[in-house]
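Read through the structure below, which is laid out as structure tokens, and then see the notes.
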Amino acid sequence: MTSSSDAISNEQDAAKRNLWLHFTRMSAYEDSDVPVIVRGSGAYVFDQHGKRYLDGLSGLFVSQVGHGRAEIAEAGARQATELAYFPLWSYATPPAIELAERVAGYAPGDLNRVFFTTGGGEAVESAWKLAKNFFKLTGKPGKHKVISRAIAYHGTPQGALAITGLPAFKEQFEPLVPGGFRVPNTNFYRAPAPYDTDIKAWGRYCADRIAEAIEFEGPDTVCAVFLEPVQNAGGCFPPPPGYFERVREICDEYDVLLVSDEVICAYGRIGSMFACDDFGYVPDIITCAKGLTSGYSPIGAMIASDRLFEPFNDGKTTFGHGYTFGGHPVSSAVALANLDIFEREGLNDHVKENAPAFRATLEKLYDLPIVGDVRGDGFFYGIELVKDKATKETFNDEESERLLRGFLTPAIFEAGLYCRADDRGDPVVQLAPPLISGQKEFDAIYEILHGVLSEAGRLL
Ligand SMILES: Cc1ncc(COP(=O)(O)O)c(C=O)c1O
């Protein structure tokens, strides 16, 4: 008979021998266990030893309605029993139709055409291909380049990676798809003088860099600008007031498509179904994934405006693009059940009502010398750590390695909180709890972070 400790040890051996974890230095687990998460309930997950963790990142900005919702699982099981699979290649399925109608209903303006994918990177990839194809069909075939922001993450397929603004993530795979160009992000904490005291002027400055990049590259060669409503990588940069208004003007002036990459920000993360509504702009395309099913099954979507669909509706033109599992019937049924919960429980209103308390709770961490900036919106926050609060001096590579990977990540997890200590830009701790969270969870996050960050400060 195998004891439970033998089973855990066998599982560890297999995990180390056969499983290749994503974005993970596998050798880090040579002398320690791979954390194995076996169960979830509400805002919490449990590991193989039964230890409970607050899911402070909703998995990966995914688990909006929380874990363990049997009604979503049952909706998926019902659909799998009825029809597990059929492609959207010239055929449709009832859940995909219903989901397209529902998502189009939530989307702003005339964004009525929903092209399903299996995840966010594919949605980004699809949006770039649509932008190029649209301009080829409408007499501007040279428009193919894209503009995005420094440090922004837009996914890992080679096209999406060319849009991603993280040189270290791209280096291993270069040369990538040509045509990706970068402009500054909206990190106000690091804004240079004279913009450091005037957030509106900073927003205007950052937006105008997009116009400048279009001019530099040639307006006839640029097809799209990809922006997240709140930029994730780098640590939750909200748009300064007026930023998106100016970006929209620029895109209209140069006939460049505005793609709102809402893979993280859609489905309640900021407090609305689509975060462009939170910031008052209407994009030409929205890309989304993650929270659409709260992770109970994978799906993504590119939502395009009627104008972009029009040239494909002439009786002879096809958008020659698709994915076997795009709009999978089980995932579509799961998404519908997930959205039912959003409606029934008023999750978007819950986020709007509780976001100020979340911010206020995290801002109490400012009493620690290591906490330089607390920024974000909705249930989506980054805490930037600094070596010297007065000068905003950040950590060097060695300190960052020792502090983030060596100490913070394991210490926070050990203390019962799953979140992310990230150094893709300056070092930040990122938080995005399930949207069902309230003051109890905010307080638990604060208590754990206060303890661990105090200790980190002493170790410097
Ligand atoms: C803004 C943004 N775009 C695209 C992606 C890629 O999504 P996926 O990992 O589902 O391919 C992500 C993933 O985190 C993201 O945050």
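The values are calculated or read from the model by the stated rules, or taken from the named source; none is laboratory data. Worth saying up front: this structure is predicted, and the values here are computed from it rather than measured. Here the Cβ positions follow ideal geometry from the backbone for every residue, glycine too, while neighbour counts run over all protein chains shown. When the accessible area is computed, the model is the full protein with side chains, heavy atoms only, and any ligands, DNA or RNA have been set aside. Shrake-Rupley method; radii C 1.70, N 1.55, O 1.52, S 1.80 Å.
Charges at C-beta only: +1 for Lys and Arg, -1 for Asp and Glu. How large is the resulting dipole of segment 99-153 about its Cα centre, in Debye rounded to 20?
On the way: 9 positive and 4 negative charges, 73 e Å.
Here the size comes out at about 360 debye.
If the chain between residue 60 and residue 306 were fully stretched, how many nm would it gain, using 0.36 nm times the residue separation less the Cα-Cα distance?
Working: separation 246, 0.36 × 246 = 88.56 nm, distance 3.14 nm.
Value of the extension gain: 85.4 nm.
For segment 88-216, a Kirkwood hydrodynamic radius built from all Cα pairs, placed in the Stokes-Einstein relation at 25 °C and 0.890 mPa s, yields a translational diffusion coefficient of 142 µm²/s. Charge dipole (Cα centre; +1 on Lys/Arg Cβ, -1 on Asp/Glu Cβ; no other charges) of segment 15-81 amounts to roughly 80 debye. State whether segment 6-147 is rounded, prolate or oblate according to the following rule on the C-alpha gyration tensor (a ≥ b ≥ c being the square roots of its eigenvalues): a/c under 1.5 gives rounded; otherwise a/b larger than b/c gives prolate, and the remaining case gives oblate. Note, shape of segment 6-147 comes out prolate. Over segment 177-316, the pair-distance histogram of Cα-Cα distances with 10 Å bins from zero comes to 11, 37, 36, 13, 2, 0 percent, rounded to whole numbers. Rg and Dmax of the chain, based on Cα coordinates, read 22.2, 72 Å. Taking the Cα of residue 177, stepping 7 Å toward and past its beta carbon, and measuring to each backbone N in segment 306-329: which are under 14 Å? Answer for segment 306-329: 320-323. Look at the alpha carbon pairs under 8 Å that are at least 6 residues apart: their mean separation over the length of segment 1-150 gives a relative contact order of 9 percent.
Remark: segment 268-283, residue by residue, has Karplus-estimated 3J(HN,Hα) of x, 4, 9, x, 9, 4, 10, 6, 4, 5, 5, 10, x, 10, 10, x Hz, where x stands for each Gly or Pro and the curve is 6.51 cos²θ - 1.76 cosθ + 1.60 at θ = phi - 60°. Where the centre of each part is set by its Cα atoms, how far does segment 119-188 sit from segment 372-438, in angstrom? About 27 Å separates the Cα centre of segment 119-188 from the one of segment 372-438.
Within segment 1-66, the proportion of C-alpha pairs whose separation exceeds 17 Å stands at 52%. Along its first, second and third principal axes, ordered by size, segment 369-460 spans 37, 26, 22 Å in Cα coordinates. Rolling a 1.4 Å probe over the protein heavy atoms gives segment 1-55 an accessible area of 72 Å² per residue.
Separation of the alpha carbons by more than 24 angstrom is noted, of 140/316; 51/440; 290/392; 16/387, for 290/392; 16/387.
With contacts taken as Cα pairs under 8 Å and at least 6 residues apart, the chain reaches a relative contact order of 20 percent.
The stretch between residue 324 and residue 249 holds 23.3 nm of extra length on full extension. This uses 0.36 nm per residue minus the Cα-Cα distance. Computed 3J(HN,Hα) for segment 114-127, one whole-Hz value per residue from the Karplus formula 6.51 cos²θ - 1.76 cosθ + 1.60 where θ = phi - 60°, is 10, 10, 7, 10, 9, x, x, x, 5, 5, 5, 4, 5, 5, glycine and proline marked x. Short to long, the 5 Å bins of the Cα pair-distance histogram for segment 243-350 hold 2, 11, 17, 19, 18, 15, 11, 5, 1, 0 percent of all pairs.
Calculated FRET efficiency, residue 217 to residue 9, Cβ-Cβ distance, R0 = 56 Å: about 0.50 to the nearest 0.05. Can you compute the label reach from residue 18? Point 7 Å from Cα along the Cβ direction, backbone N cut-off under 12 Å, restricted to segment 48-91. No residues fall inside that zone.
Extension gain for residue 459-residue 366 works out to 31.7 nm (0.36 nm per residue, less the C-alpha to C-alpha distance). Please tell me the relative contact order of segment 70-156 in percent, rounded to the nearest whole number, where contacts are Cα pairs under 8 Å and at least six residues apart. Relative contact order here is 17 percent.
Could you work out [θ]222 nm for the chain from helices alone, using -39500 (n - 2.57) per DSSP H run of at least four and dividing by all its residues? Round to the nearest 500 deg cm²/dmol.
Computed ellipticity for the chain at 222 nm equals -12000 deg cm²/dmol.
Identify, among 95, 381, 202, the residue whose Cα sits farthest towards the positive end of the charge dipole of the chain, taking +1 on the Cβ of Lys and Arg and -1 on the Cβ of Asp and Glu, with the dipole about the Cα centre. Of the candidates, 95 comes out farthest on the positive side.
Annotation for residue 36 and residue 440: the two label points, set 7 Å from Cα along the Cα-Cβ direction, are 2.9 nm apart. For the chain, a crude dipole built from +1 on the beta carbon of Lys and Arg and -1 on the beta carbon of Asp and Glu, taken about the Cα centre, is about 440 debye to the nearest 20.
Pairwise inverse Cα distances across segment 51-101, averaged and inverted, put the Kirkwood hydrodynamic radius at 13.6 Å.
For segment 121-277, the fraction of 1.4 Å probe accessible surface lying on carbon and sulfur atoms is 54 percent.
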